[in-house]
Amino acid sequence: MRDETVLLIDIGNTNLKWSLMKNGHIAPISSQSHKTISPEALAQSCWGTIETPDRTYMANVAGEVLGEGLSKWMWATWTQSPTILLAMHKKLGVTNGYRDPAQLGVDRWLTLLAVRANEVGPVCIVDCGTALTIDLMTDEGIHHGGMILPGLNLMRDSLLRDTKIPRVAGVEIESMFAHDTAAAVASAALHASAALIERAMLEAQSNHIGTPKLILTGSDAGAIASLLRMPYEIDSGLVMKGLALFAASEGQAE
Ligand SMILES: Nc1ncnc2c1ncn2[C@@H]1O[C@H](COP(=O)(O)OP(=O)(O)OP(=O)(O)O)[C@@H](O)[C@H]1O
Ligand SMILES: CC(C)(CO)[C@@H](O)C(=O)NCCC(=O)O
Ligand SMILES: [K+]
């Protein structure tokens, strides 16, 4: 096998996550907010000191301005352009359930590819990031469709925007029914997320998909999962795993 370095980039709505893959092994994931920094400064801060990668794969749901800014920096610095990934109709045993396959967020698509590589049965994949997405996939690798809900912070932010409720950081909830404002807001966001996941699992059964294996990813996965009244697994970095799989599949084709 060639000793090549592949740069994998997962740009979510809040954070840019990246890792270097060498000989099929992914290094620990680095994460940095892209909210208050120019694309050029962000690229310099993330990759200013790394060796020039052989290939770069970028999955970006945060918009073209950021993606193009990062690509421009790569061209100026490495005379190289990244491969920009989009969701496809079919790949690596997964069939996209969207009428327009490219409309499905590429991060969601990559979680489907990552899970399909390890699971043969039906799965329910929940990505708990800026948004919370729930996607169902049958035992044949057919994406049954999905749902998009605001993530925990967005639920709270929308409430605080249009009410006089004050912002409180680092809230712990003790019970579903809370005894102060901050806990009441936090409890509702957590339980709304958990309840929707449980409902998705019930719906899968009534749609004759079977009992899917429930897999959570994203930085709020632990907080939401702790409220679930059913078995689950947490697999952090599913999007990055999907990126690695995709990059490896292209490497073999060369
Ligand atoms: N630096 C940060 N500033 C504010 N919120 C953050 C930050 N990092 C993570 N979060 C919160 O953590 C959750 C998302 O983290 P995660 O790293 O899974 O995804 P993300 O890149 O923020 O979003 P996406 O879902 O678009 O990938 C959200 O609730 C988000 O608001
Ligand atoms: C839903 C999010 C924001 C989750 O990160 C992202 O996957 C996205 O922007 N998707 C495009 C819309 C869709 O997936 O239907
Ligand atoms: K994500």
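The values are calculated or read from the model by the stated rules, or taken from the named source; none is laboratory data. Every value quoted in this text rests on a predicted model; they were computed, and no experiment measured them. Here the Cβ is made from the backbone with ideal geometry for all residues, glycine too, and neighbour counts use every protein chain on show.
Given the criterion aliphatic (A, V, I, L, M) and crowded, with 16+ Cβ neighbours inside 10 Å, identify the matching residue among L92, L86.
One residue alone meets the criteria, L92.
Determine whether E172 is in the same structural domain as A189 (by TED's automatic domain parsing), more than 18 Å from the chain's Cα centre (by Cα) and under 19 Å from K213 (Cα atoms).
Considered against the rule, which asks whether it is in the same structural domain as A189 (by TED's automatic domain parsing), more than 18 Å from the chain's Cα centre (by Cα) and under 19 Å from K213 (Cα atoms), E172 comes out as no.
In the range 1-25, which residues are more than 16 Å from ligand 1 (Cβ to nearest atom) and either over 15 Å from E250 (Cα atoms) or part of a loop (DSSP other than H, G, I, E, B) (or both)?
Matches in the range 1-25: M1, R2, D3, E4, L20, N23, G24, H25.
Can you work out which of the residues in the range 227-254 that are at pLDDT below 95 and not in a helix (DSSP H, G or I) is farthest from P122 (Cα to Cα)?
Across the range 227-254, the extreme among qualifying residues is E254.
Since L245 meets every condition but one in (1) of a type in the set (A, V, I, L, M, F, W, C); (2) under 26 Å from D10 (Cα atoms); (3) in contact with a Lys or Arg (Cβ under 7 Å, 6 or more places away or on another chain), which condition does it not meet?
Checking L245 against (1) of a type in the set (A, V, I, L, M, F, W, C); (2) under 26 Å from D10 (Cα atoms); (3) in contact with a Lys or Arg (Cβ under 7 Å, 6 or more places away or on another chain), the one that fails is (3).
Output yes when any residue across the range 35-50 is crowded, with 21+ Cβ neighbours inside 10 Å, modelled with pLDDT of 95 or more, within 20 Å of S219 (Cβ to Cβ) and charged (D, E, K, R), and no when none is.
Within the range 35-50, none of the residues are crowded, with 21+ Cβ neighbours inside 10 Å, modelled with pLDDT of 95 or more, within 20 Å of S219 (Cβ to Cβ) and charged (D, E, K, R).
If I filter the range 228-246 down to residues being hydrophobic (A, V, I, L, M, F, W, C) and under 16 Å from I134 (Cα atoms), which single residue comes out as surrounded by the fewest Cβ atoms within 10 Å (Cβ to Cβ)?
It comes out as M230.
In the range 17-46, what count of residues is obtained for those that are in contact (Cβ under 8 Å) with a residue 40 or more places away in the chain and under 20 Å from the mean Cα position of the chain (by Cα)?
Of the residues in that region, 5 qualify.
H144 fails exactly one of the following numbered conditions: (1) within 15 Å of ligand 1 (Cβ to nearest atom); (2) of a type outside the set (D, E, K, R); (3) assigned by TED's automatic domain parsing to the domain that holds A200. What is the number of that condition?
(1)
In the range 119-129, how many residues are within 17 Å of G237 (Cβ to Cβ) and either surrounded by fewer than 20 Cβ atoms within 10 Å (Cβ to Cβ) or of a type in the set (F, W, Y) (or both)?
Number satisfying all stated conditions: 1.
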